[in-house]
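Some notes on the structure that comes next.
Nothing in this text is a laboratory measurement; each read-out follows from the coordinates by a stated rule. Just so we're clear, the structure is a prediction, and the values are computed from it rather than from any experiment. When we count neighbours, we look across all protein chains shown, and the Cβ atoms used for this are built from the backbone with ideal geometry, even at glycine.
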Amino acid sequence: MTFNIRENGFKIESRLPTALFNEAPFIYTGPDFMSFPLGMISDIINNKNRSIQRFFPITISKFQGKILVDQMFCFSFFYVNDEDDLIFYLTHPFWFDRSNMKDTMDFFIMQIEGFANKMNCNQIELEIHENFTSCIAYPTSLSHLSYYLNRDRFQADDLKFFQRYGFNEVNSLFCYEQCLEGIEKNLKDKISDAKKYKAKIINQSDFIKIKDKINNSFIKAFSLSTKDLIVSHRLLPPFNKSMFILNKKNKTSMNSSINGFVQWVPNLFELFRKRCSPIPYLHYHNFKDFPFKCGKIINWAIDEERDELVIALMYHTINMMKKRGIKKCQFGFIHNKQDFMYNILKFCGFSKVHTIKLLKRKVLE
Amino acid sequence: MKKYDFLFIHPSTHIKNISPKINNIVTYTIIPVGTVALADLLIREGYETMIIHTGIEQIYNRNFNLEDLIKKYDPLIVGIDLHWYVHSYDAIHISSLVKRLSNAFVVFGGFTASYFAEEILSNFMSVDAVICGDAELPLLKLLKCKDGEDFREVPNLVYRSGESLKRSKYRYVANSSDLNRLNFSNLHLLSNFDEYRRNISQFGDLDPFKDKAKLKTQGWLCLGRGCSVNCSYCGGGKDAFQLLTGRREPVFRAKERVLEELARFEEMKISCVYMDFDPFPEKRDYYHDLFDMIRREKIDISSQFLLWSLSDRNFLRDFNRTFNPLYSTLTLSPESGSEYIRKLNKGFYYSNSELLRWLENIKREMIPIQLYFTSGLSWETVSHFEETIKLAKRIVEEYPVVSISCNPIELEPASPRFLSPKKYGISLKTRKFIDFYNVFKGLAEGLPIHSQLGYETNYLSEPLIIELSQQFREIMSSVQYNKWEKFFFKSNL
């Protein structure tokens, strides 16, 4: 299924322009990544006895005479949330041209509403990047397409603009950053607390099983859905010592005693930012020896609000990152209601470097 | 109602599936790149013209029917491309419709039509003439002829004159400056061009790409004409060109013209350009210069470049820094894993170790690759094909392959194998145009066909050739799956 509608001098179509990769480099690590260079990706979502296409890369362009001028791009997809509702999710729209924003947006909203309606979907969600004050490590998005965030291109006033179109803020997710040296210094007096927990390196299969098993009482990284596997399980290769579980030292059996877990990933932008490839996994041969400088904790969970547990989690993570030569740590996908996490990270010297605002809009029938 | 002087019609190939559960297919949907240039030439000479792609029209307009179109436009001349033999039936079918509904003069062109010109004109009264070889000047001359007079003056033309067939004694072979005067990028002359640029890819089939998110738009670039070698299976090799068009040597278009067209492609939001002209792999100066110009002009476009043989690392670097990496790939056709078979069949030979060294460079330069292998080559045995599977497995496991395919090698009219089957160790089941016509008629009507490939070799039967390719695809699919399963679950990066 493809979009291709022309109206009032505007055009919406299923297309990802090459200019996007120049102006806002990105990495795609989602399903069917191998087909990306061939110009098409496929995935199907099953919901309420229906199968529908998941991904819709949308470009809005405007006719200037016979010439099409691209105005905006948005990588959109469907997912099923934990309430079993079908959601149409939009990544931060990228503006090629900000001179016709209102008209472009009027057209865009009209088109996607009609489309969502046709697909029996009554909610649209939108992610907006805000307040990024550092080089934000991969992944920067809840989607499978992560932009290398650049202040000139993803502007702060985008949020207000979309709010004017009935998108209401429902969640904020934060990413924090601190150098490993700084974390170590702040944790110096807490090492004994950290050592109450042992870290056990696990493999990808165990990690997936554990992630599925932990219940909702865990405090954990934000994810759009736990039901929709494509959204809940980000496809990440197993970097050495990048996944572990934490157990209190006197406990022995694995599943019953998990107090927390972590998955971190080196910042793939360091290797792929310079416009060389949007699909890093195809070139994984380069991962092993690349001197990554930043690591990002992207999946994490703790079974209760205990300072010593988060400290242990940090302690073991930075030890593993250090072995890889990492100098800087980012801690991502922390929900705005997780004050407890914020306080500990503050204690370790972390500062907030990126906010993802999640907005929602009901689809008018 | 607008009346057209000349209407170009592209006949897509239709395949009717016998099982009601499987949709019918519209396939082989790429228009020969020269069609657009021809239409543009006529427009510039003051003629009213347009190009109709029957496949695109059918898919995107459920109510489309050619009959209405012919009545509506009432063209003086209808040009139907029969370049690839796969359109043998559909081209004739369209010509019959045109003749039934109008008084239009029907002319065919393209390699298949050129090779079978006399046979087509003898057997199908719906075709009035065939232009053999380059068609630019002949079309203009044809339009200037009134009511079928003076066809003798039209170069490259085979035509019906009373009960007999005549071939014009004038030969036209486009030279470099002729090609430089052409514009291959006036795609607005193609009805529903917008759908064409988004939906046609090298994969051939035209379906609404169910469940696939379309990312790229593609354009085809004309870099020149001709070839310097003869591959056993190719109907567009050096000798075939000479036989069909009179061309002795490959001719390149001026880089400046190519550059202008790339700029126009960029303006038309074409994100990837298909480049398939590499007749002198030993000396790729033309491309180094062209790439340099593209960089200087800052043209932002991806490229699917088909290498006709291996390249040095310098070419890879140059390719990498010239084209947007989003959809850029290099395509190579080793055809066989057996060096012996490759040497016997391909015009450009390279050894497996040279191929693997090249692939190491590909890996270092991080360029996605597409590879084509085949079954049914001359003198190939099952054991040779095992070498193909072995080599392909290694390549998939170790290198950045985004697509690897294997299909039985086709029987192309005017290819060395077609012209001298005995010499190449094959037996033909399809020799004449009517044989090709009947095969595709059968496919279009969902009827049994006598031969899918039109040949068998001294070592491999037709079913075995088909089965070997099928085996290859199944094995590679599982090799790909295992590779990525290992990567995500067993690697330690």
### Cβ-based net charge around residue B:448, under 13 Å, with every Lys or Arg adding one and every Asp or Glu removing one
+1
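Report, in deg cm²/dmol and to the nearest 500, the calculated mean residue ellipticity at 222 nm for the protein assembly as shown, where each DSSP H run with n ≥ 4 adds -39500 (n - 2.57) and the sum is divided by the residue count.
Numbers: 29 runs with 285 residues, N = 858.
Rounded to the nearest 500, it is -9500 deg cm²/dmol.
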### Query
What is the range A:4-173 by shape, rounded, prolate or oblate, if you read a ≥ b ≥ c off the alpha carbon gyration tensor as root eigenvalues and call it rounded for a/c under 1.5, prolate for a/b larger than b/c, and oblate otherwise?
rounded
### Sorted by Cβ density within 10 Å, fewest first, the residues B:293, B:50
B:293, B:50
### Query
So how much slack lies between residue B:449 and residue B:478, counting 0.36 nm per residue of separation and subtracting their Cα-Cα distance, in nm?
7.3 nm
### Query
So what does log10 I(q)/I(0) come out to for chain A at q = 0.14 Å⁻¹, using the Debye formula with one equal point on every Cα and no solvent?
-1.21
## Note on the structure
Sorted by chain and number, the residues with a modelled amide H under 5 Å from that of residue B:424, at a separation of 5 or more or across chains, are none
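Residue separation times 0.36 nm, minus the C-alpha to C-alpha distance between residue B:486 and residue B:398: what's the value? Mind showing how you got there, number by number?
Values: separation 88, 0.36 × 88 = 31.68 nm, distance 1.23 nm.
Residue separation times 0.36 nm, minus the Cα-Cα distance, leaves 30.4 nm.
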### Message
Give me a comma-separated list of calculated 3J(HN,Hα) values for the range A:38-54, in order, Karplus coefficients 6.51, -1.76, 1.60 applied at θ = phi - 60°, integers in Hz, x for any Gly or Pro.
### Response
7, x, 7, 10, 10, 6, 10, 10, 9, 8, 6, 6, 10, 10, 9, 5, 7
### Lysine pairs within the range A:4-173, Cα separation less than 19 Å, 8 or more sequence positions apart or different chains
7
### Query
Relative to a virtual label point 7 Å from the Cα of residue B:74 in the Cα→beta-carbon direction, which members of the range B:38-62 show backbone nitrogen distances below 18 Å?
B:48-50
### Query
How many angstrom separate the Cα center of the range A:50-87 from the Cα center of the range B:346-387?
39
### Task
Could I have the simple spin-label model distance between residue A:156 and residue A:285, label points 7 Å from Cα toward Cβ, reported in nm to one decimal?
4.5
### Query
Excluding residue A:194 itself, what net charge comes from residues whose Cβ is under 13 Å from its Cβ, given Lys and Arg +1 and Asp and Glu -1?
+3
### Task
Could I have the simple spin-label model distance between residue A:185 and residue B:283, label points 7 Å from Cα toward Cβ, reported in nm to one decimal?
6.5
### Directionally averaged projected area (convex hull, Cα atoms, the range B:47-95), nm²
4.0
### Query
For the range A:176-355, what relative contact order do you get, as a whole percent, if you take Cα pairs closer than 8 Å and at least 6 residues apart?
37
### Summary
Check: C-alpha center the range B:44-120 vs C-alpha center the range B:209-259, spacing in Å is 22
### Summary
Among trypsin sites (Lys or Arg not before Pro) in the range A:1-83, those in a DSSP loop whose Cβ has at most 15 other Cβ atoms within 10 Å are A:48, A:66
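In nm², what is the average projected area of the convex hull enclosing the Cα atoms of the protein assembly as shown?
Working: hull surface 149.0 nm².
Over every viewing direction, the Cα hull of the protein assembly as shown projects on average to 37.2 nm².
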### Summary
Any aspartates and glutamates whose Cα falls less than 14 Å from that of residue B:214, other than same-chain ones fewer than 8 residues away, would be A:13, A:32, A:43, B:194, B:195
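Percentage of Cα-Cα pair distances in chain B greater than 38 Å, rounded to whole percent?
Working: 30454 of 121278 pairs.
Looking at chain B, the distances longer than 38 Å represent 25 percent of pairs.
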### Query
What are the residues whose amide H is under 5 Å from the amide H of residue A:123, where those residues sit 5 or more places off or on another chain and H is modelled from the backbone?
A:88, A:363
### Residue with peak Gaussian network fluctuation, chain A [Cα springs, cutoff 10 Å], from A:75, A:161, A:96
A:161
### Summary
Which residues qualify? For residue B:106, with a placed amide H closer than 5 Å and at least 5 residues away or on another chain, they are B:78, B:128, B:129
#### Entry: Residues of the range B:277-300 with amide N under 14 Å of a point placed 7 Å along Cα→Cβ from residue B:259
B:286-300
## Note on the structure
Distance in nm between residue B:461 and residue B:61 label points, each 7 Å along Cα→Cβ, equals 4.8
